[in-house]
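The values are calculated or read from the model by the stated rules, or taken from the named source; none is laboratory data. What you are looking at is a predicted structure, and each value in this text was computed from that prediction instead of being measured. As a convention, Cβ positions derive from the backbone with ideal geometry for all residues, glycine included, and neighbour counts pool all protein chains shown. The accessibility values were calculated without ligands, DNA or RNA, using every heavy atom of the protein model including side chains. Shrake-Rupley method; radii C 1.70, N 1.55, O 1.52, S 1.80 Å.
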Amino acid sequence: MSTEAWRHEDSVLDTITRYRWGLLGKTMKPVISVVFGSYNRKRYLRATLDNVREHGMDVPYEIIVVDGGSTDGALAYLTRQKDVITIVQHNRGVWRGKAIERKSWGYFMNLGFKAAQGKYVCMISDDCLLVPGAIMNGYRLFEEQLEKGKKTGAVAFYYRERPALNDSYFVSRIYGTIFVNHGLYLKKALEDVGYIDEDTFFFYAADADLCLRMAQEGYTCIDSPDSYVEHHRHANLTVRKSNREIGVNDKQALLERWGHLDPTLSTYEQVHTAQYRDYDDPAHTARTFRRIDRWDVVLFFRTLRDPNGPLMRLVKSITRHPAVLRARERWDIDAKIQRLAPSCGKKRDDDKNEVNKT
């Protein structure tokens, strides 16, 4: 490569670096890399990004989003966000006449984890909102642990499902070990255990397995008593349902790998427990979900009125079904409707005349 080419490449990398840190004109390396995956949840995605940006982090950070090939406008939206590193990994659909092979949750999260350059990787989801102070409180706790010489590999944030299943926040435990649904990982700990197992688990239980493998390497996973997250459990139910259907074997795979930790426990429900904590969020963070959900209701009723919408298409398909057509012919329904139509029309005209007289 020529000297001019090297200089050009260095210039491009330097520009990318400045954009990456979100600190134009500076070359500070991020301390925290916020990483999450997304697919067809544009409204929730926008809320999550705004929430991260407004979170008040006072250390350099970067945002990495791994998009699974969204078709709802989310991908175009992401590419316009100059403070977001977007990784596109098409995970559904057809390409060149062949169905795209779906990759596991671990596969696309590892794309973000390996690209992260922060000391800590903050894993969240595209349908969650961080309660103010969550990341920085977790970060300070992590720093304190490491300064004391403790081998801490992860810090879990407390979270709860909205709409409410339980008003209390919780962190999950697997065989007694806390694992991260939302929270911070030490990047070095991720490297030491080889990141997420993207082959054994398709969607569920890989996060629990990750923290168990960290524990196997001598790392501890602790909870952050001052870090809270609101998680929307109904965002894009179609995607969530498909994930559950495909990942039915994940929990069994976890039991087979780690069952030796307590042979007396034979079901996932026995080994997976929760640790609860009450907290009154003064910022009422979850109200943002209500605004999004209200807009979803508006869109729903708009689709009901759309003559080309899914409901009307369903009605048309039912009325054209052979069984319905046979019933209409058998009971002479069309003729009855035609006989009723003139009288109904006359009744409406009479009503109009009465209104005019008054």
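Couple of notes before you dig in:
- Members of the stretch 129-160 found to be under 19 Å from residue 289 (Cβ atoms) and open to solvent by 40 Å² or more (accessible area, probe 1.4 Å), listed by number: 132
- Comparison of 179, 202 shows that the only residue that is at pLDDT below 95 and crowded, with 19+ Cβ neighbours inside 10 Å is 202.
- For the stretch 33-56, a tally of residues being of a type in the set (A, V, I, L, M) and either open to solvent by 30 Å² or more (accessible area, probe 1.4 Å) or under 13 Å from residue 232 (Cβ atoms) (or both) returns 2.
- Meets criteria (farther than 25 Å from residue 204 by Cα and modelled with pLDDT under 95) for residue 56: yes
- Residue in the stretch 125-145 that is nearest to residue 66 (Cα to Cα), counting only those that are touching a Ser or Thr at 6+ places or on another chain (Cβ under 6 Å) and of a type in the set (A, V, I, L, M, F, W, C): 129
- Listed by position, the helices (runs of 4 or more DSSP H) contained in the stretch 222-281 that have at least 2 residues being modelled with pLDDT of 95 or more are 250-258, 268-271.
- Odd one out for residue 292 among (1) open to solvent by 50 Å² or more (accessible area, probe 1.4 Å); (2) at pLDDT below 90: (1)
- For residue 188, the conditions (1) within 26 Å of residue 265 (Cα to Cα); (2) open to solvent by 20 Å² or more (accessible area, probe 1.4 Å) are fulfilled apart from (1).
- Residue list for the stretch 136-175, filter: among the β-branched types (Val, Ile, Thr) and within 21 Å of the chain's Cα centre (by Cα): 155, 171
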